[in-house]
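Derivation of every value follows stated rules applied to the coordinates shown; laboratory data play no part. Bear in mind that the values here come from a model prediction, so they are computed numbers and not experimental data. Positions of Cβ are backbone-derived with ideal geometry, glycine not excepted, and every protein chain shown enters the neighbour counts.
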Amino acid sequence: MAVGMVTGAARQTPTIDEPVYAGTALVYVREHSLRFNPEHPPLGKLIVASGEVFARPRLAPGFQGDQGALGRRLLYESGNDAWRVMFWARLPVIVLTLLFGLVVFAFARDLTGRLGGLAALALYAFSPDLIAHGALATLDVPAVGFVLVSVWLVWRARARPLPYLPLAGLALGAAAATKMSTLPAIPVVLGLSAWSYATARGTGDGERASARGAGDGERTFRARLRPLLRAAGAAAGVGLVAVAVVWAAYLVVDPRLRWAAAAHGVPEVHGPRGLLVRALPFPEPYRDGMRLQFGFENKPWQGFLFGHVYTGNRWYYLPAALLVKTPLGMLALWAAGAVALFAAVRARAAAPYVLLPPAVLLMVAMDGARNFGTRYALFMPVFLAVAAACVLAVRRRWAYGAVAVLVGLVAVSSLRTYPYYLPYANEAFGGPAKTRLRLHDANVDWGQDLGRLAGRLRERYPGEKVWLVYKGSGVPSWYGIHAADPRKADPREVRGLLVVSDSSIAKARGRLALLLRDSREVDEVGHSITIFRR
């Protein structure tokens, strides 16, 4: 997994979101300003900054453009080496991704023993989605990983509430301070915290003894109520720690919390969503960030699924995308592990901890308006790797053989796609070369192969006229690609190489569709960019 992520970080050009996070991270640590990227909390970008600062990038203070222009200024207009800056920005996320794998191992080992831990770790380490996104300076893997850590610590609190519950609060707060999409996990983790405290060893023994010796109903009622109140208090303590972490993340960036909502066009949010935003005990920049996110959810985004372009949400988008982009052996183990969690007495107590958080997060994500990729559901390969290990809890000889075979199939499928993990699709859907026919955006083409395209054009097509439709945040000329936009030219003038990002092909309309119809496919780059001759 480390090899796959490090080579990906070194060879891939910035994806669409990364320049924004990299630029914002540098402004955080140098100018202590919250004025960029308010739609996401600061912690994930501070993690990115912890590596980025070692590249010592140049960036003049006081930049006043939008956050996209900030990213371009940092990477391409300030005399920096974009390759070096992005590698160092990605490195902390790579390290965190590997550490979260050790938590998966520890969680599964707690449930099923060392072999189960190794099986879960193998599924995690060979997950194409986790390798792909763990190699990027984005927020998705850190946010999901912190949720995992909080749930694992809450599980361990069944035996020892202290010190695990306070640590769970820290991890839960880190998740909320990284990405707002983790907020639905908070009530789940708090409920599990109360349950763990209530079932901890020795909890309530004194109360039960008092109830047995009491001669009236009032004492019995009080004796039964005390452990419930203490459990609720323990959950409240976890919540308070989480809230403190969110506040700390903002105060680290700007101790004075300078913030001007009007400068960011924060929309008004009414109804239940508005009540939720106002009720959250978080800093005002956090609440305004949520308002921005709800504003994004109200926009008519375009999606692409199995060859069809549509506008709006499809509730089944994420399950369908996961079906395409998850190795077949992993899908089988996910299903078997979920069943085993209920069927095996040894693992049954863990079912709510392992299955409830991803179930709640998936239901909320399925209702989202942005059908852009499985990066919105990375909690599935993380939590269900632990669930899959519970197949070994049935303690049957055939289970060990079946798990070994299926994990082996996952490993082969994952290794075959190296180094193109972002456009991965399993064998039932034709592999990574065919993903573009079923999905788009971060599932296939997120701007990551601009550097590879530059190398391909130099090696195979030197001196030829290039027309480019590129979906991404990279600047083609910085990588040596000098091309014109065919959509702005007379179709009769478009002759030579027509290079198009696969997401643009999937949604091609008008002039681009006409140009593609009269072109011949001659090459592809990274399973995300197609080269035509016209």
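Numbers at a glance
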| read-out | value |
| --- | --- |
| Spin-label model distance (nm) - residue 53 vs residue 222, 7 Å beyond Cα toward Cβ | 5.5 |
| Potential extension, residue 514-residue 66 segment - 0.36 nm per residue separation minus Cα distance | 157.9 nm |
| For the chain, calculated [θ]222 nm from helices alone, where every DSSP H run of n ≥ 4 adds -39500 (n - 2.57) | -18500 deg cm²/dmol |
| Sorted by Cβ density within 10 Å, fewest first, the residues 27, 444 | 27, 444 |
| Entry for Rg and Dmax of the Cα atoms in Å (calculated from the structure that is shown) out of (1) 28.4, 92; (2) 25.0, 91; (3) 25.0, 97 | (3) |
| Loop trypsin sites (Lys or Arg not before Pro), the range 383-450 (other Cβ atoms within 10 Å of the site Cβ: 15 or fewer; DSSP) | 395, 396 |
| Sorted peptide list for 384-393, 179-188, criterion being average Cβ within 10 angstrom, highest first | 384-393, 179-188 |
| Cα gyration tensor category, rounded, prolate or oblate, for the range 274-426 with a/c compared to 1.5 | oblate |
| Global geometry of the range 32-80, whether rounded, prolate or oblate, following the gyration tensor of its Cα atoms and the 1.5 cut on a/c | oblate |
| Nearby lysines by direct alpha-carbon distance to residue 325 (threshold 29 angstrom, same-chain neighbours under 8 apart not counted) | 45, 179, 299, 434, 471, 507 |
